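Report on the structure given below.
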Amino acid sequence: MAQDTSTPAERSTAHVDGNALAGALALAFGTDMTTATVQCGDCDDRHRVAATHVYLRCPGMVMRCPACGATEIVLTEIRGRIGLHVRRVTAISFA
Ligand SMILES: [Zn+2]
């Protein structure tokens with residue numbers, strides 16, 4: 001296994017794609033959300049959930065707009081309960 005040689009600052013800014021939220025969003029919405037389209041409330045960019053940037057080293061999981069970086073959704077899990085906080089989102093369209 002390769003050793004992680006990144007600095008703490010690099011790790012705090014590293015992100016994965018929106019597929020990382022597939023399981024949690026399916027629990028919250030009751031359907032696969034990775035192909036849903038989100039319209040950013042800041043820049044109006046329209047993109048698939050799978051194309052968003054997800055930051056996992058935050059309190060909860062933070063989904064950000066891939067165009068402008070606005071926080072769109074924050075997912076938290078506290079004592080087995082999932083909290084979904086929709087922030088800068090104008091619309092969500094299901095495929
Ligand atoms: Zn945006």
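What follows draws every value from the coordinates through simple rules; no lab data is involved. Computed from a prediction, not measured in an experiment: that's the story for all the values here. Reconstructed Cβ throughout: ideal geometry from the backbone, glycine too, with neighbour counts over all protein chains shown.
A cysteine counts as unpartnered when no other cysteine's C-beta lies under 4.7 Å of its own; in the chain this applies to Cys58. Between Arg87 and residues 5 or more places away or on another chain, which pairs have amide H atoms under 5 Å apart, with H built 1.01 Å from N, and which residues are they? Under 5 Å from the amide H of Arg87: Ile73, Val74. Compared with the alpha-carbon gap, the fully stretched path from Leu84 to His47 is longer by 11.4 nm at 0.36 nm per residue. Protection proxy ranking of 81-90, 30-39, 46-55, by the mean of other Cβ atoms within 10 Å over each peptide's residues and highest first, is 46-55, 30-39, 81-90.
Ranked from largest, the principal axis spans of the Cα set of the range 15-93 equal 35, 25, 19 Å.
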